[in-house]
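Notes to accompany the following structure.
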DNA sequence: CTAATGTTGGACCGCGCAGTCCAAAGCGCA
DNA sequence: TGCGCTTTGGACTGCGCGGTCCAACATTAG
């Protein structure tokens, strides 16, 4: 069954996002996937490197399902979708008790300067994420100031969220990412024309913008 | 000489901030420090773990010298100092050709969930950094809106910078951190009363705020 | 010149892990 | 029941690395 393969992949994804790639051994993965016998692993994967690549893809898939999907809901106002998306990331982090941070960020920090293959794939992952954000900003264009640079703004959003997840992990306090999320929404709201902010920012916080 | 110790420490700092802790072997460190003989290392350090802790301290020292110092220049307007500080981080990253990212961030992502000792020390490092930013914001209080939350804002600044360094590293493009720095300054300027922005943001960019 | 006291280099040990291999256990099929 | 074929478990190998140890060398003192 290709089912087994997925089982291994998910176990690996969990361990790697917690401990990092190098700190996760094949034996750990096999044990954690409720299978036994290392040959099983090498039946489905060529090498640990291949596992790493596929875990990265899988993480992005899941992220796309649970987080990025919100960005494409056609019935919701774009600005509101942005807020929901940020909330989703906070929720995801809260569910894990502040541990584990961003699966991409962790892998990125660990491998970017060590393994060119990983670096390129991580770059692709971030690029796909960024492109989703750009689409949303494009959709929201009528509500935004004319000189908003979607490329720069989407990068800013990703960087801030990644940094927030990292700090949350270090402090083991979900409050960190929550606070940063609030500010990030305010920053995004700053790019919108008056009255187009929707539920992105509570009225009180808008005092600073006006 | 305690000089040798520093030599090892600096070699290790460089390697660790590029490759990460686990990917850096004692032999690499010794070779890179132009010494030879592993016993030399163990003459100055109890273990690799101790090396890691001290590298973290040393990185923070250097960062405090070259970056954080700007925050305390008493002759410069606080808001302007903030801008200079952000510029300094961009410059530091540019000097390394986009590689290596933040020394703290790299170590944090790698070790936070693996080694409690590292996590605590990294938490301390971030806290010290945050406290410097808070001091500056306190100094700038007369120029800021009354409801500015210094704790939250300082966390936001650190998170965004850390995320920016990470993405710069992944894309190997210093332009990323440069762009994010511009936006970050605009976000900070948003908290200042009109006319108190100084050189933080070029007049053109302020259009969005007003 | 010799003895005592550091330095320095590197051989060596043990361990953990990626990756290989084979033997035993299922399992269809007649 | 007996025979091939696949699945499964785990023993084994080679290697890299953290950490120890000791032998050779330098240095200073008498």
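Please treat every number below as a calculation from the coordinates, not as lab data. These numbers come from a predicted model, not from an experiment. Methodologically, a virtual Cβ is constructed for each residue, glycine included, from the backbone with ideal geometry; neighbour enumeration extends over all protein chains shown.
Only residues that are more than 9 Å from every other protein chain (Cβ to nearest Cβ) and part of a helix (DSSP H, G or I) were counted in segment B:105-124, giving 6. Would you confirm whether any residue within segment B:9-21 is within 16 Å of DNA strand C (Cβ to nearest atom), within 23 Å of residue B:110 (Cα to Cα) and within 14 Å of chain A (Cβ to nearest Cβ)? Yes, some residue in segment B:9-21 is within 16 Å of DNA strand C (Cβ to nearest atom), within 23 Å of residue B:110 (Cα to Cα) and within 14 Å of chain A (Cβ to nearest Cβ). Evaluated against (1) over 24 Å from residue B:170 (Cα atoms); (2) outside any loop (DSSP other than H, G, I, E, B); (3) within 16 Å of DNA strand C (Cβ to nearest atom), residue B:35 falls short on exactly one condition, (2). When each of A:25, A:39, A:33 is tested for being away from chain B (no Cβ under 14 Å), within 16 Å of DNA strand D (Cβ to nearest atom) and surrounded by fewer than 16 Cβ atoms within 10 Å (Cβ to Cβ), the lone residue that passes is A:39. Can you confirm whether residue A:81 is more than 14 Å from every other protein chain (Cβ to nearest Cβ), more than 16 Å from DNA strand D (Cβ to nearest atom), at negative phi and within 14 Å of the chain's Cα centre (by Cα)? Considered against the rule, which asks whether it is more than 14 Å from every other protein chain (Cβ to nearest Cβ), more than 16 Å from DNA strand D (Cβ to nearest atom), at negative phi and within 14 Å of the chain's Cα centre (by Cα), residue A:81 comes out as no.
On the stretch given as segment A:145-162, residues that are free of Cβ contacts under 8 Å to residues at least 12 places away in the same chain and either at positive phi or crowded, with 24+ Cβ neighbours inside 10 Å (or both) total 1. Checked against (1) under 11 Å from the mean Cα position of the chain (by Cα); (2) at the interface with another protein chain (Cβ under 8 Å from one of its Cβ atoms); (3) closer than 21 Å to residue A:172 by Cα; (4) touching a residue at least 24 places away in the same chain (Cβ under 8 Å), residue B:101 passes all but a single condition, namely (3). Among the residues of segment B:49-63, those identified as within 12 Å of residue B:111 (Cβ to Cβ) and more than 16 Å from DNA strand C (Cβ to nearest atom) are B:52, B:53, B:55, B:56.
Just one of (1) within 14 Å of chain A (Cβ to nearest Cβ); (2) closer than 23 Å to residue B:135 by Cα fails for residue B:68. It is (1). Filtered by the rule that a residue be within 9 Å of another protein chain (Cβ to nearest Cβ) and without any contact (Cβ under 8 Å) to a residue 24 or more places away in the chain, segment B:125-144 gives a lone residue, B:127.
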